[in-house]
Amino acid sequence: MRSPFGFMGIFEAPNDAAAPAENSALALGAAIPRALRQMAQVFARPLPFSPESVVNTQDAPADSIAPVEEKLVGAFWLGGNCVPVDIPEQYIPDVAAFISQHHRQIASIFGAADTVLPLWEKAEPAFKNVLDIRAQQPLLYLPPQRSISHSRDLYRQGLPAPQISKGVRFARESDNKTLLQASVAMFTEEVGYDPMTRDSIGYTRRVHDFIAERRTVVAVNAEDVVVFKTDVGIAAGDVCQLQGVWLHPAYRGFGLSAPLLVQACELLRPRYPHISLYVNDYNVRARALYARVGFEQADTFATVLF
């Protein structure tokens, strides 16, 4: 992983963790390495065994070795962003303390609002570079059985720009230059700053990688300039989450957003029948667009931007 952390787990020892020393032995028969002790103590919970209790078991029969098992009760992602997966309420202060010590300039904390907002309340004192707090972001879902048929005619009379010559398709290497421009424009418009001013190499690589992984779909005009795009930001199994939905300003107001987004979903549905995205609650036009396409609210997200 490029991240120094990645997925972090929250573990609980079993209620009967105070087992005899011989049942707490490590198969390796060596003292617990310092790094492992530190990892186990991340959430300020006592170890279910102590280094002094470890005995040499190299000559012991296999059935006498019974390592202490821990139960996974929560998890969060800590990389370029922090994303709570599931954090039990009682562990929110511990997770906030860990993030505060190890955040390493994360770009955001985002996820389900009922976890993100309490987590942020505890972590806030450690962060001095808050850009925006978006506390209400409807998480929208397009059910696989929902019909999303729409007119495929993209010609618009009176359009002050070259017509969109073809429908939505996966991005190609030949789109790289104008796709990067479109992506930068989308990010700047959505987040509030130009990503090229912070990490131009990383952002450029990300756009290129998304092309190679077939995670970006686009529509181009008659001059082969990308004028519509969206990305598969997160995907697992048959589920994906769209991000970066963008239409060039010259093409707005001509009824093109809905058919382009429908075509994008139709293109992705064979691989990802379950499609979601989230949107700022104040973005009335975008919310109306998603409703026309067939998305329905399933939950509420929140994002803290840095």
Can you give me the long-range amide H partners of VAL245? Hydrogens built in the peptide plane at 1.01 Å from N, cutoff under 5 Å, separation of 5 or more residues or another chain. ASP231
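Could you size up the charge dipole of the range 167-269 around its Cα centre, putting +1 on the beta carbon of Lys and Arg and -1 on that of Asp and Glu, and report it in debye to the nearest 20?
Values: 11 positive and 13 negative charges, 15 e Å.
The dipole magnitude comes to about 80 debye.
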Whole-Hz Karplus ³J(HN,Hα) for the range 196-207, in order, using 6.51 cos²θ - 1.76 cosθ + 1.60 and θ = phi - 60°, x for Gly and Pro? 5, 7, 10, 8, 5, 5, x, 5, 4, 5, 4, 4
Ignoring ligands and nucleic acids, TYR278 exposes an accessible area, probe 1.4 Å, in Å² to the nearest 10, of 70
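Dipole magnitude of the range 217-298 about its Cα centre, charges +1 at Lys/Arg Cβ and -1 at Asp/Glu Cβ only, in debye to the nearest 20? Please list the in-between numbers first.
Numbers: 7 positive and 7 negative charges, 37 e Å.
Here the size comes out at about 180 debye.
Where nothing but the Cβ of Lys and Arg (+1) and of Asp and Glu (-1) is charged, how large is the charge dipole of the range 223-271 around its Cα centre, in debye to the nearest 20?
Working: 4 positive and 5 negative charges, 27 e Å.
Using Cβ point charges on Lys, Arg, Asp and Glu, the range 223-271 gives about 140 debye.
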Could you give me the ³J(HN,Hα) list for the range 282-298, computed from phi with Karplus coefficients 6.51, -1.76, 1.60 and θ = phi - 60°, whole Hz, x at Gly and Pro? 7, 7, 4, 5, 5, 5, 5, 4, 5, 5, 5, 6, x, 6, 10, 6, 10
Between PHE306 and LYS166, what is 0.36 nm times their sequence separation minus the Cα-Cα distance? Round to one decimal in nm. 46.6 nm
Could you pull out every residue, at least 5 positions away or on a different chain, whose amide H is within less than 5 Å of the one on GLN163? Hs are placed 1.01 Å off N in the peptide plane, and Pro or chain starts have none. ALA222
Heavy-atom accessible area of MET8, protein chains in place, probe 1.4 angstrom, given in Å² to nearest 10, is 30
What spacing in nm lies between the two simple spin-label points modelled at THR188 and GLU124, each 7 Å away from Cα in the Cβ direction? 3.2
Using modelled amide H (1.01 Å from N, peptide plane; none on Pro or chain starts), what sits under 5 Å from the amide H of PHE301, excluding residues fewer than 5 places away? ALA113, GLN137, LEU139
Rolling a 1.4 angstrom probe over the protein chains, ignoring ligands and nucleic acids, what is the accessible area of TYR193 in square angstrom, nearest 10? 40
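Under the 0.36 nm per residue contour assumption, what length would be gained going from the current alpha-carbon distance of ARG252 and GLN90 to full extension? Provide the component values of the computation, followed by the final result.
Details: separation 162, 0.36 × 162 = 58.32 nm, distance 4.70 nm.
Net length gain for the segment: 53.6 nm.
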Subtracting the Cα-Cα distance from 0.36 nm times the residue separation, let me have the gained length for ASP299 to VAL73 in nm, one decimal. 79.2 nm
From the phi of every residue in the range 259-267, what ³J(HN,Hα) in whole Hz does the Karplus formula 6.51 cos²θ - 1.76 cosθ + 1.60 yield, where θ is phi - 60° and glycine or proline is x? x, 5, 5, 4, 4, 4, 5, 4, 5
How far apart, in nanometres, would the label points at ASN176 and MET196 be if each is projected 7 angstrom from Cα along the Cα-to-Cβ direction? 1.5
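The values are calculated or read from the model by the stated rules, or taken from the named source; none is laboratory data. Everything quoted here is computed from the prediction, not taken from an experiment. FYI the Cβ positions are ideal-geometry reconstructions off the backbone, even for glycines, and counts take in every protein chain you see. Heavy atoms of the whole protein, side chains included, go into the accessibility calculation; ligands, DNA and RNA do not. Shrake-Rupley method; radii C 1.70, N 1.55, O 1.52, S 1.80 Å.
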